[in-house]
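I have placed the structure first, in the form of structure tokens, so that the comments after it can refer back to it.
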Amino acid sequence: MLIALALLILTALVFGFAPHLDIAAARLFLTESGGFLGVSPTGEMLRRLGFGLPFGLLGLAVAGWVMRRAGLKRFALPSGRAALFLALTMALGPGLLVNVTLKDHSHRPRPVQTQELGGPWTFRPWYRFDGACKHNCSFVSGEASSAFWTLAPALLVPPPFQPLAIAASLTFGAGVAVLRMAFGGHYLSDSLFSALLTILLVLGFHRLFFGPKPPKPTPEHDPDLREQSASL
């Protein structure tokens, strides 16, 4: 959590003192004709996939919990605590914090709407909430937030496979964030803020629901390890 918090503060400072970095990053996705690279049938297909997958995972988790409540014990299905953790982090992160609070009140025009990138409105850095956008604005990325929310189910994967699941969730989130930039829908700072805020929320609620990771056993506390140590 401390790493994510430090990165969030660093992002705020870097893009606060150098907001032109957002314009420079957005220009990387412009075509020669002035459009954005992501606007294509393939881009639309990938966007639909990126949008739907997190909600599909949440739906499967809730369905699994219902099946568990119905008495199905054959498979490792989500507990009530796990299902509540997933539903609550989705509702509070991508839902309340991102889409209701920030996107509808930041007033930041999207790259495609910004004058420097061919749009009609004046560019605003992330901390200026006085742009021309009225609702569903650029700061922060809702789809990137939902994509990075997949860290929540990844944290519930059993330990042998958990690192792979976490890596897959973060890769998926980064891919969705880059795709939204390729559409001209969000700036780099929008994506970074969205990712880090969602990760912080997920990690915080995971600690609240499931507690900190148990310490590694030592010979003093584990009889089996003490016996092994004595035999060496």
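The values are calculated or read from the model by the stated rules, or taken from the named source; none is laboratory data. On a predicted model such as this, the values are computed, not experimentally measured, just so you know. Every residue, glycine among them, receives a Cβ derived from its backbone with ideal geometry; neighbour counts consider all protein chains shown.
The condition (being under 30 Å from Phe36 (Cβ atoms) and free of Cβ contacts under 8 Å to residues at least 12 places away in the same chain) is satisfied by just one residue among Leu96, Leu117: Leu96. Criterion applied to Leu97, Leu86 was being within 30 Å of Gly131 (Cα to Cα), within 14 Å of the chain's Cα centre (by Cα) and among the aliphatic types (A, V, I, L, M), and the one residue passing it is Leu97.
One residue is enough: does the stretch 197-219 have a residue meeting the conditions surrounded by 21 or more Cβ atoms within 10 Å (Cβ to Cβ), modelled with pLDDT of 95 or more and not aliphatic (A, V, I, L, M)? Scanning the stretch 197-219 turns up at least one residue that is surrounded by 21 or more Cβ atoms within 10 Å (Cβ to Cβ), modelled with pLDDT of 95 or more and not aliphatic (A, V, I, L, M). Looking across the stretch 98-123, just one residue is buried (at least 22 other Cβ atoms within 10 Å of the Cβ), out of contact with any helix residue (DSSP H, G or I) (no Cβ under 7 Å at 6 or more places or on another chain) and in a helix (DSSP H, G or I), and that is Leu102. Screening Phe15 on (1) closer than 18 Å to Ala147 by Cα; (2) surrounded by 17 or more Cβ atoms within 10 Å (Cβ to Cβ); (3) among the hydrophobic types (A, V, I, L, M, F, W, C) shows it passes everything except condition (1). Count of the stretch 52-76 residues, restricted to those that are surrounded by 15 or more Cβ atoms within 10 Å (Cβ to Cβ) and within 15 Å of Ser145 (Cβ to Cβ), is 4. Only residues that are surrounded by fewer than 18 Cβ atoms within 10 Å (Cβ to Cβ) and outside any loop (DSSP other than H, G, I, E, B) were counted in the stretch 77-91, giving 6. In the set Gly64, Gly95, only one residue is modelled with pLDDT of 95 or more and not in a loop (DSSP other than H, G, I, E, B); that residue is Gly95.
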